[in-house]
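Reading through the structure tokens given below for one structure.
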Amino acid sequence: MLDKIDDSTTLGELWEVVESLASVCASAGAHLPAEELKALQVGKVAEEAGEAQHALHGLKGLTTCGEECGEAHSWAGVCNDVTGAILASMIALIYIKGPEARAEFAKVMHRRTRRGREALAAHT
């Protein structure tokens with residue numbers, strides 16, 4: 001399934017892939033209490049977002065280390081880390097909401113994009 005992801009992948013197909021990843025990750029953490037696994041996955045979201053921020057700082061020359069430490073930064077690297085944060089977030093949502101994760105995502109997405117939809121409607 002992972003090898004079939006491209007720019008035509010639907011949101012439903014993406015959720016199927018992420019649910020499979022979440023299952024693999026949960027199996028690896030099966031020795032942990034559920035609440036700890038949730039907390040660790042939320043921490044993973046923060047870690048991935050922090051890596052994206054670090055890559056952006058490196059790209060803009062705002063770090064003291066940079067290429068001399070073997071860290072060449074690029075927008076592709078930033079995108080990679082942002083995507084990692086999105087995937088980690090979706091897995092965290094699955095850990096927290098279980099089978100209701102998709103519905104919760106849709107509900108929050110609808111609520112958080114309301115202003116954008118209203119602005120678009122005003123321009124048509």
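The values are calculated or read from the model by the stated rules, or taken from the named source; none is laboratory data. Everything numeric here is computed off the predicted structure, so don't read it as measured data. So basically every Cβ, Gly included, is an ideal-geometry build from the backbone, and we count neighbours across all protein chains shown. When the accessible area is computed, the model is the full protein with side chains, heavy atoms only, and any ligands, DNA or RNA have been set aside. Shrake-Rupley method; radii C 1.70, N 1.55, O 1.52, S 1.80 Å.
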Rounded to the nearest 500, the 222 nm mean residue ellipticity computed for the chain from DSSP H runs (n ≥ 4, each -39500 (n - 2.57)) alone is -24000 deg cm²/dmol
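Report the extension gain between residue 72 and residue 108 in nm, rounded to one decimal, defined as 0.36 nm multiplied by the number of residues separating them, less their alpha carbon distance. Before the final figure, lay out the partial values.
Details: separation 36, 0.36 × 36 = 12.96 nm, distance 3.60 nm.
Length gained between residue 72 and residue 108: 9.4 nm.
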Square roots of five times the C-alpha gyration tensor eigenvalues of the chain, ordered largest first and given in whole Å, equal 27, 24, 15
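Check each of the chymotrypsin sites (Phe, Trp or Tyr not before Pro) in the range 16-124 and keep only those in coil by DSSP with at most 13 other C-beta atoms within 10 angstrom; list them in order.
On the way: sites: 75, 95, 105; in loops: none.
Passing sites in the range 16-124 do not exist.
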Measure of exposure for residue 54: accessible area at 1.4 Å probe, Å² rounded to 10, is 80 Å²
Counting only protein heavy atoms and leaving out ligands, DNA and RNA, the solvent-accessible surface of residue 102 at a 1.4 Å probe, in Å² to the nearest 10, equals 90 Å²
Two pseudo-spin positions, 7 Å from Cα along C-beta at residue 115 and at residue 30, lie apart in nanometres by 4.5 nm
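Report the full-extension gain for the segment residue 80 to residue 16: residue separation times 0.36 nm, less the Cα-Cα distance, to one decimal in nm. Present the calculation step by step, with values, prior to reporting the outcome.
On the way: separation 64, 0.36 × 64 = 23.04 nm, distance 2.03 nm.
Working it through step by step, the gained length comes to 21.0 nm.
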